[in-house]
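Chemist: What follows is a structure written as structure tokens; I'll ask about it next.
Where a number appears in this text, it was derived from the coordinates with a stated rule and is not lab data. For clarity, every value in this text was computed on a predicted model and none was experimentally measured. Don't worry about glycine lacking a Cβ; one is built from the backbone with ideal geometry, like all the others, and counts go over all protein chains shown.
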Amino acid sequence: MTNFKFIAPVLHAVDLKTEVEFFEKLGFEMVYSSLQYSDTLDYAVMHREGVTFHIQFQFEKDMPPENAALQTKIWVNDLDILHKEFEEAGFEIKRRNNIPWGAHEFGFYTLITMQ
């Protein structure tokens, strides 16, 4: 069985710099960003007092209410076990490897986002 470690919501933003500055005013610190591997700020991880969430750039045309579902990232100890478990449960999954920031992840849609 996979040991879940933690979960982090992913907020979408058209203007990531402004969003980061807003949350910094609320006392959050940007602890990671796409600037560590690229010249473009299109991803940021914000943290304060044990609370962590991510902000991801999204083009305005991709953000109408019907497409503005929240993404969530869930960290686990063994991704391969969870991947197999979800596949066996019938989820259509895309496995992505060798992402510039070193993550190994896969995505799927919940029933809510499939409607």
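Chemist: Can you return the lysines within cross-link range of residue 25? Criterion is Cα-Cα under 19 Å, with same-chain partners fewer than 8 residues away left out.
Modeler: In chain and number order, the partners are 17.
Chemist: Then there is this: What nm value, rounded to one decimal, do you get for the distance between residue 103 and residue 51 when each label is placed 7 Å out toward the C-beta?
Modeler: 2.0
Chemist: In what order do 57, 6 fall by count of nearby beta-carbon atoms within 10 Å, going from fewest to most?
Modeler: So the residues, fewest neighbours to most, are 6, 57.
Chemist: Would you please give the residues with an amide H less than 5 Å from that of residue 42, counting only those at least 5 places away or on a separate chain, with H modeled from the backbone geometry?
Modeler: 34, 35
Chemist: Sorted from fewest to most neighbouring beta carbons within 10 Å, what does the list 23, 4, 59 look like?
Modeler: Placing the least packed residue first, the sequence is 59, 4, 23.
Chemist: Label residue 92 and residue 76 with points 7 Å out from Cα along Cα→Cβ: what is the distance between them in nm?
Modeler: 2.0
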